[in-house]
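The values are calculated or read from the model by the stated rules, or taken from the named source; none is laboratory data. Just so we're clear, the structure is a prediction, and the values are computed from it rather than from any experiment. Cβ: placed from backbone, ideal geometry, glycine included. Neighbour counts: every protein chain shown. Just the protein is used for accessible areas: all its heavy atoms, side chains included, with ligands, DNA and RNA removed. Shrake-Rupley method; radii C 1.70, N 1.55, O 1.52, S 1.80 Å.
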Amino acid sequence: MARVNLLDPETLANPYPLYAELRREAPAVQVDPNGMWAVTRFADVVEVLRRVDDFSSEPADDDREKLFENAFGGANIIGSDNPRHDRLRSIMQKRFTPRRLGHLQGRVEDLSRELLASLASDGEFDLVPTYTVPLPVVVIAELLGVEANRVDDFKRWSNALVAIVNSAEGAERQSALAEVGELAKYLSAAAERRRQDPAEDLIGALVAAEKEPGRISAGEVLSYCILLLAAGNETTTNLIGGMISALIDNPDQLALLRDDPSLIPNAVEEGLRYCSPVQGLFRRVLQDTQLNGVTIPAGSRVWVCYASANRDPERFQDPDRFDIKRDCRGHVAFGWGLHFCLGSNLARREARVAISALLPLLCESNFSQAVEWLPSWVIRGPKALVLRKAA
Amino acid sequence: MKIIVDYDLCEANALCMDSCPEVFRVEEDDSLTILMSEIPEKLRGKLEESVRLCPRQALRIEG
């Protein structure tokens, strides 16, 4: 097949047909932007994620992620191989376990209810600015220990980070870099306050670790805060939004959920599989590397496409069907292995509560939806999700 | 048959306990306890499922 570009508008609107073609083609296929090698089959994706010594997570000097590292003065866990990855991850490891997050349940429920109570009641509303954005932003801001009332700033900053990862060029890139600079300044100040006045929140835990020799540098603290803030909202927003959209598209599945809300946890797993809010992440090969018969040349960037793996018919039967009762365990929406999403249990908890709280409203009337998807090949979710009551 | 846990990787996601509660117990403090040092052959299927589903790939079967 001719070399494809993931930034083509048609593909951005719906990348799944292209993923299917790439899966049929080969274990790894060179695509644009940047001539990356796309890995799209489930088995190959899992293999790449397992082979951490062959497929490095550390960005090269000309990768965009390297910009962040240089600007913040330290790497984050996504862009680290071992031993650095474990050194940094272990600081936060026990903060995101299912049990540890249990105390958040009531807070997330209250927040969902408050947000829904202020929805316009005229039968037409966009759930993105009113619900799917503020819910995760407020939760992660409170966990970090920053001012939750700056939701709009956090969202703007997080959009800027995504724009850069998303290959923004020219003026867009310049303005995104300026936004990111503002974010770094804000979080540096928050960390500095914690150094003077210790606290139990996540930023407090990071600066407390600075006291152990060789554990974490000030630049790494800043990088960590930015990652937690951005990853903690963007992805969950898109999971919740993507799931709502899928439920409106599939009234039979919505009815199943209405009749048996105990299906919500599995529906969230299926939402993760079906929506894959992080469509994929990057690796790099430092030498010529074999992947099931394909040679990926030294220095290549590899696009590990979770979203495609999650729609691979070799792994999931009838993969393009949204089926909240299917056994979808083993999906790779959170990655797999060493770099498995640190915040997976937080995302799950928030999505379960968000869907559960919204369910009565969704079932109250027949809604039609108008969805505008984010113009990104890395992060997928509704940028606007307008629901209208059918007349 | 034995199960080997890499405790540096384990993050108490508890999928192993869901698949095979006979062998795995995630404690109140998020530590993982292995309930049998020698695991009977009849649990091999469940154990393999635990290994497969552990998102951090922290488990390995020996024997």
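For A:GLY330, indicate whether it is buried (at least 17 other Cβ atoms within 10 Å of the Cβ) and without any contact (Cβ under 8 Å) to a residue 24 or more places away in the chain.
Yes.
Which of the residues spanning segment B:16-59 are of a type in the set (Ser, Thr, Tyr) and either touching a helix residue (DSSP H, G or I) at 6+ places or on another chain (Cβ under 7 Å) or touching a residue at least 40 places away in the same chain (Cβ under 8 Å) (or both)?
The answer is B:SER19, B:SER50.
Applying the selection to segment A:111-143, what residues are more than 21 Å from A:PHE154 (Cα to Cα) and without any contact (Cβ under 8 Å) to a residue 12 or more places away in the chain?
A:ALA117, A:ALA120, A:SER121, A:ASP122
Just one of A:ILE140, A:ILE77 is within 14 Å of another protein chain (Cβ to nearest Cβ), in contact with a helix residue (DSSP H, G or I) (Cβ under 9 Å, 6 or more places away or on another chain) and under 22 Å from A:ILE216 (Cβ atoms); which is it?
A:ILE77
Could you tell me how many of the residues in segment A:333-366 are in a loop (DSSP other than H, G, I, E, B) and open to solvent by less than 50 Å² (accessible area, probe 1.4 Å)?
The first filter runs over segment A:333-366 and keeps only residues in a loop (DSSP other than H, G, I, E, B), leaving A:333-336, A:340-343, A:365-366.
Applying the additional criterion that residues be open to solvent by less than 50 Å² (accessible area, probe 1.4 Å) yields A:333-336, A:340-343, A:365.
Number of matching residues: 9.
Among the listed residues B:GLU11, B:GLU28, B:GLU49, identify the single one that is surrounded by 15 or more Cβ atoms within 10 Å (Cβ to Cβ), within 14 Å of chain A (Cβ to nearest Cβ), among the charged types (D, E, K, R) and more than 10 Å from the chain's Cα centre (by Cα).
B:GLU11
Quick one: in segment A:260-310, of everything that is surrounded by 24 or more Cβ atoms within 10 Å (Cβ to Cβ) and among the basic types (Lys, Arg), which residue is nearest to A:GLY242 (Cα to Cα)?
A:ARG273
In the set A:PHE96, A:PHE42, which member is within 12 Å of chain B (Cβ to nearest Cβ) and surrounded by 21 or more Cβ atoms within 10 Å (Cβ to Cβ)? Spell out how you get there, then give the answer.
Details: A:PHE42 fails: within 12 Å of chain B (Cβ to nearest Cβ).
After applying the criteria, what remains is A:PHE96.
I'd like the full set of residues that are in contact with a strand residue (DSSP E or B) (Cβ under 7 Å, 6 or more places away or on another chain) and buried (at least 16 other Cβ atoms within 10 Å of the Cβ), limited to segment A:13-33.
Pass one, segment A:13-33, residues in contact with a strand residue (DSSP E or B) (Cβ under 7 Å, 6 or more places away or on another chain): A:13, A:22, A:26-33.
Passing the criteria: A:LEU22, A:ALA26, A:PRO27, A:ALA28, A:VAL29, A:GLN30, A:VAL31.
Residue-by-condition table, conditions (1) surrounded by fewer than 20 Cβ atoms within 10 Å (Cβ to Cβ); (2) outside any helix (DSSP H, G or I); (3) over 17 Å from the mean Cα position of the chain (by Cα):
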residue	(1), (2), (3)
A:GLU200	yes, yes, yes
A:ALA231	no, no, no
A:LEU247	no, no, yes
A:GLN253	no, no, yes
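Kindly establish whether A:SER90 is in a helix (DSSP H, G or I) and surrounded by fewer than 16 Cβ atoms within 10 Å (Cβ to Cβ). Working first, answer last.
Details: in a helix (DSSP H, G or I): yes; surrounded by fewer than 16 Cβ atoms within 10 Å (Cβ to Cβ): yes.
It is true that A:SER90 is in a helix (DSSP H, G or I) and surrounded by fewer than 16 Cβ atoms within 10 Å (Cβ to Cβ).
Looking at (1) surrounded by 15 or more Cβ atoms within 10 Å (Cβ to Cβ); (2) out of contact with any Ser or Thr (no Cβ under 9 Å at 6 or more places or on another chain), which one does A:ARG113 not meet, given that it meets all the others?
(1)
Would you say A:ASP320 is more than 14 Å from chain B (Cβ to nearest Cβ) and closer than 25 Å to A:LEU257 by Cβ?
So A:ASP320 fits the description; yes.
Does at least one position in segment A:119-130 carry a residue that is touching a Phe, Trp or Tyr at 6+ places or on another chain (Cβ under 8 Å) and assigned to a helix (DSSP H, G or I)?
No; the residues of segment A:119-130 include none that is touching a Phe, Trp or Tyr at 6+ places or on another chain (Cβ under 8 Å) and assigned to a helix (DSSP H, G or I).
Pick from segment A:338-367 the residues that are at pLDDT 95 or above and of a type in the set (Gly, Ala, Ser): which of them is nearest to A:ILE78 (Cα to Cα)?
A:GLY343
Would you say A:VAL371 is within 30 Å of B:LEU9 (Cβ to Cβ) and in contact with a helix residue (DSSP H, G or I) (Cβ under 7 Å, 6 or more places away or on another chain)?
Against the criterion (within 30 Å of B:LEU9 (Cβ to Cβ) and in contact with a helix residue (DSSP H, G or I) (Cβ under 7 Å, 6 or more places away or on another chain)), A:VAL371 does not qualify.
Take the residues of segment B:31-41 that are in a loop (DSSP other than H, G, I, E, B) and out of contact with any strand residue (DSSP E or B) (no Cβ under 9 Å at 6 or more places or on another chain): which is farthest from the other protein chains (Cβ to nearest Cβ)?
Filtering segment B:31-41 down to residues in a loop (DSSP other than H, G, I, E, B) leaves B:31, B:35-40.
Still in the list and also out of contact with any strand residue (DSSP E or B) (no Cβ under 9 Å at 6 or more places or on another chain): B:31, B:40.
Working: B:SER31: 10, B:PRO40: 24 Å.
Among those residues, the one meeting the criterion is B:PRO40.
Would you confirm whether or not segment A:16-32 contains a residue that is within 27 Å of A:ASN233 (Cβ to Cβ) and among the polar types (S, T, N, Q)?
no
Restrict the check to segment A:74-85 and report whether at least one residue is outside any loop (DSSP other than H, G, I, E, B) and at pLDDT 95 or above.
yes
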